[in-house]
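Structure, as structure tokens:
Any read-out appearing in this document is the output of simple, stated calculations on the displayed coordinates, not a laboratory observation. Treat the numbers as computed from the prediction; the structure is a model and nothing was measured. Cβ coordinates were reconstructed from backbone atoms using ideal geometry, including for glycine residues, and neighbour counts include every protein chain displayed.
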Amino acid sequence: MKTKILSLIALVFMGILTMQGQVDRSKQPTPGPAPKINIGKPQSFTLSNGLKVMVVENHKLPRVSISLRLDNPPVLDGDKAGISDLTGAMLGKGSKAISKDVFNEEVDYMGANVNLSANGGFASGLSKYFNRIVELMADAAINPNFTQEEFDKEKEKTLEGIKSEEKNVKAAANRVKYLLAYGKNHPYGEYVSKETVSNVTLADVNRFYQNYFVPDNAYLVVIGDIDFKDVKKAVKKNFNKWRKGLAPSVSIPNAKNVQYTQVNFVDMPDAVQSEISVVNTVEFKMNDDDYHAALIANKIYGGGFSSMLNLNLREANGWTYGARSSLSADRNSQALFSASTSVRNAVTDSAVVETLKEMNNIRTKDVTIEQLKNVKAKYLGDFVLAMEKPQTIARYALNTELNSLPDNFYETFLEKINAVTIADVKRVANKYFLANNARVVIAGKGSDVVESLEKMTYNGKKMPVKYFDKYGNPTEKPVFSKPIPDGVTAQSIINNYFKAIGGKDAVEKVKSVTLSGDMNTMGQTMAIEMKKMTPNKTLTEVSHPQMGVIMKQVFNGKSGYAAQMGQQKQMTEQEVAEAKTKNVLFEELSLDMSKITLESMTSIKGEDAYKLKVVGTGEPEFRFYDVKTGYLVKTETSKKVQGQSISIVQEYGNYTPSKGIQFPFSMTIKQGPQTYGMIFKAAKVNENVTEADFK
């Protein structure tokens, strides 16, 4: 196998070097002969119950992996959506013969992994434990121990997961994208909700398992340091016990695209950026004649870092960290083309316009010879790297079986990639990238973006905007602002704020504050302490339980720095200038009222709030004050980071008194894609803070 791979690498890169030689750039180069590829076939056998087994021997490392794939049709769970997830969550938790704890202890002792899901499973470990790993995997798969206690635990975990994503903009955007593209009565379009999970019972899980966890359309793939005869013996011994059965056949409705390009908007009032997806469904399978040309077209348009879409939105305009498109073949001829990105609110309409522009460009203009050459080279390189992995042989064999591919599909893969022409790219782009029948699904802050979205045009006509809630239900256009009551001004709002937190006279007597508590980010909980001294000195320290102080930020009134993991960075002149103008304890004390305007009365988490615009030395800042309480509940601004504008949103809540002054004991900071949550436990006013703290 090593000799084959080295020969393939040599042939491929000789072809690439030839393409990079002197050519007439005005003409598309004639494809050279593709390298001859001989992909090995896995050894295989089939059990009497229908389970098909593939074995790839690889003796480089003393390890083995086992993959189980159930080739079932997509299932519509309907008002019990989530039943397959719950079934999968309960599988692999021991068996009728072995308790969950004993099962997990033995797996851990071997240093192995055994995981099962509703669609199959995976196990791996040292090859010397192969027989026991197969035995445990088979026992857990064939004899699951579905108890009411375990079901209740998994159901509660699922409901907690749904609750945690309730306000997640990306999750809402993804949910609505698939629902609108396929319809709620389609397996690809339905979603799991609190209501549907609540409908599922243990009896439903047992019924689902009996119907769909069956071997007739199942494949077991074994790869690693193991002999074929030993695999055959162990698999027959353990998996022959699996009851023969065939999953019920289902009828999948055809997805339908819209008749004209339109915006489908989901209002997420607390969103700090817009999630954008331009989508359409197409009939596209791996055994289609267009398959290789479609791969190339998608890669050129949005399938990589150097794609047209990413070079425009990220590199040229600096609107996003990345923009990508995807077109994955679907055996049921219900593929989804999607071009997606995340951008700050202010450029949402511009990002949509440019995404559609690039889609029209690849449909109407010839791609360049350079673009075609580079993408082909990327596929050639990826193919070579994949061939170095023993998993590739098994994956290719399984794909050939599942997708009814010709036996020589992968042997001729590079030949067909190499044969794709500029004309082919344009042809398949028109066939699969349906710019004239696309949904532009956007989840974002409506009060910031809808006005500009409603002005967008496509092909000379206004693009209609249709509104949906975060579950894909049609709704009316949201009301983003309310009439401001008579007599309310920016000054009166600031006055009410001071009154709400304890009175301006009392606030002005506060010279220092220490806030301490916990900070949560990326699943980690750390201690945080913030010390502040008027007018503008501040110290923030974040500590890890095992690692000590891992981040420190200091400003002493004249200069400052940020230190993290042994690295220190000084504040820029602009950052210092901005810091000098602010009162770090109560910024309202240092606001210049001549530079503040009352923008509107809007809604923050369902409560009315006044929106003030503050103009300073940098980007404008928006400050939101609760109408009822007078508290500051949110701020929004942006800053430039490495040439890109990053949104910064801070949310405040749980105001708690300390020496008669109300401080927000909960704070959430959303900076670009990162979210930091802080829960303070104590606030000390005018205690133990000195100049020495800010060195």
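Numbers for the structure displayed
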{"quantity": "Unsatisfied cross-links (Cα-Cα over 25 Å) in the set Lys299/Lys365; Lys455/Lys482; Lys177/Lys634; Lys582/Lys670; Lys552/Lys613", "calculated": "Lys177/Lys634; Lys552/Lys613"}
{"quantity": "Global geometry of segment 439-532, whether rounded, prolate or oblate, following the gyration tensor of its Cα atoms and the 1.5 cut on a/c", "calculated": "oblate"}
{"quantity": "Extension gain from Lys477 to Thr489, taking 0.36 nm per residue of separation minus the Cα-Cα distance", "calculated": "1.5 nm"}
{"quantity": "Cross-link table Lys373/Lys466; Lys157/Lys184; Lys155/Lys285, entries beyond 29 Å C-alpha to C-alpha", "calculated": "Lys373/Lys466; Lys155/Lys285"}
{"quantity": "Cα gyration tensor, the chain - rounded (a/c under 1.5), prolate or oblate", "calculated": "prolate"}
{"quantity": "FRET efficiency, Asp152 to Ser452 (Cβ-Cβ, R0 41 Å, nearest 0.05)", "calculated": "0.25"}
{"quantity": "Restraint check, Lys445/Lys477; Lys194/Lys628; Lys532/Lys681; Lys580/Lys695; Lys532/Lys569, Cα-Cα greater than 24 Å", "calculated": "Lys194/Lys628"}
{"quantity": "Phi to ³J(HN,Hα) by Karplus 6.51 cos²θ - 1.76 cosθ + 1.60 over segment 550-563, Hz, x for Gly, Pro", "calculated": "10, 8, 9, 10, 9, 9, 9, x, 10, 8, x, 7, 10, 10"}
{"quantity": "Amide proton proximity set for Gly653, modelled H, under 5 Å, gap of 5+", "calculated": "Phe665, Ser666"}
{"quantity": "Under 5 Å, built H, 5+ apart or other chain: amide partners of Ser600", "calculated": "Lys611"}
{"quantity": "Linear extension gain, Leu402 paired with Ser48, 0.36 nm per residue minus alpha-carbon span", "calculated": "125.5 nm"}
{"quantity": "Helix 228-239 vs. the chain, principal-axis angle (Cα, 0 to 90°, nearest 10)", "calculated": "70 degrees"}
{"quantity": "Overall form of segment 490-694 per C-alpha gyration tensor (a/c, 1.5; a/b vs b/c)", "calculated": "rounded"}
{"quantity": "Unit charges on C-beta of K, R, D, E only; dipole of segment 490-694, Debye", "calculated": "140 debye"}
{"quantity": "In Hz, Karplus ³J(HN,Hα) per residue of segment 663-672 (6.51, -1.76, 1.60; θ = phi - 60°; x = Gly, Pro)", "calculated": "10, x, 8, 10, 8, 10, 10, 10, 10, x"}
{"quantity": "Euclidean distance between Cα centres, segment 209-282 to segment 502-569, Å", "calculated": "47 Å"}
{"quantity": "Residues of type aspartates and glutamates that Lys470 reaches as a straight line, Cα spacing below 12 Å, ignoring anything fewer than 8 places off in the same chain", "calculated": "Glu165, Glu166, Asp267"}
{"quantity": "The chain - charge dipole about Cα centre, Lys and Arg +1 at Cβ, Asp and Glu -1, debye rounded to 20", "calculated": "1040 debye"}
{"quantity": "Degrees, to the nearest 10: 369-387 long Cα axis against longest axis of the chain", "calculated": "70 degrees"}
{"quantity": "Ordering of 543-549, 340-346, 144-150 by burial proxy (mean other Cβ atoms within 10 Å per residue, highest first)", "calculated": "340-346, 144-150, 543-549"}
{"quantity": "Helix axis angle, 422-432 relative to the chain longest principal axis, alpha carbon, degrees", "calculated": "70 degrees"}
{"quantity": "Least to most buried among Leu398, Leu515 (fewest other Cβ within 10 Å first)", "calculated": "Leu398, Leu515"}
{"quantity": "Euclidean distance of C-alpha centroids, segment 643-695 and segment 288-326, integer Å", "calculated": "40 Å"}
{"quantity": "Label-point separation in nm, Lys236 to Lys96, each point 7 Å along Cα→Cβ", "calculated": "2.5 nm"}
{"quantity": "Among Gln391, Val375, Met359 the positive-end extreme of the charge dipole of segment 346-396 (Cβ point charges)", "calculated": "Gln391"}
{"quantity": "Options Asn58, Thr341, Gln574, ranked by Cα towards positive dipole end of the chain, top entry (Cβ charges)", "calculated": "Asn58"}
{"quantity": "For segment 348-362 versus segment 599-626, the gap between their alpha-carbon centres in whole angstrom", "calculated": "31 Å"}
{"quantity": "Proximal aspartates and glutamates relative to Lys237, as straight alpha-carbon distance under 13 Å, when same-chain residues fewer than 8 apart are discounted", "calculated": "Glu135, Asp139"}
{"quantity": "Additional length obtainable on full extension of the chain from Lys170 to Gln570, 0.36 nm per residue less Cα span", "calculated": "140.6 nm"}
{"quantity": "Farthest positive-ward along segment 490-694 dipole, Cα basis, beta-carbon charges - from Pro620, Gly523, Leu539", "calculated": "Leu539"}
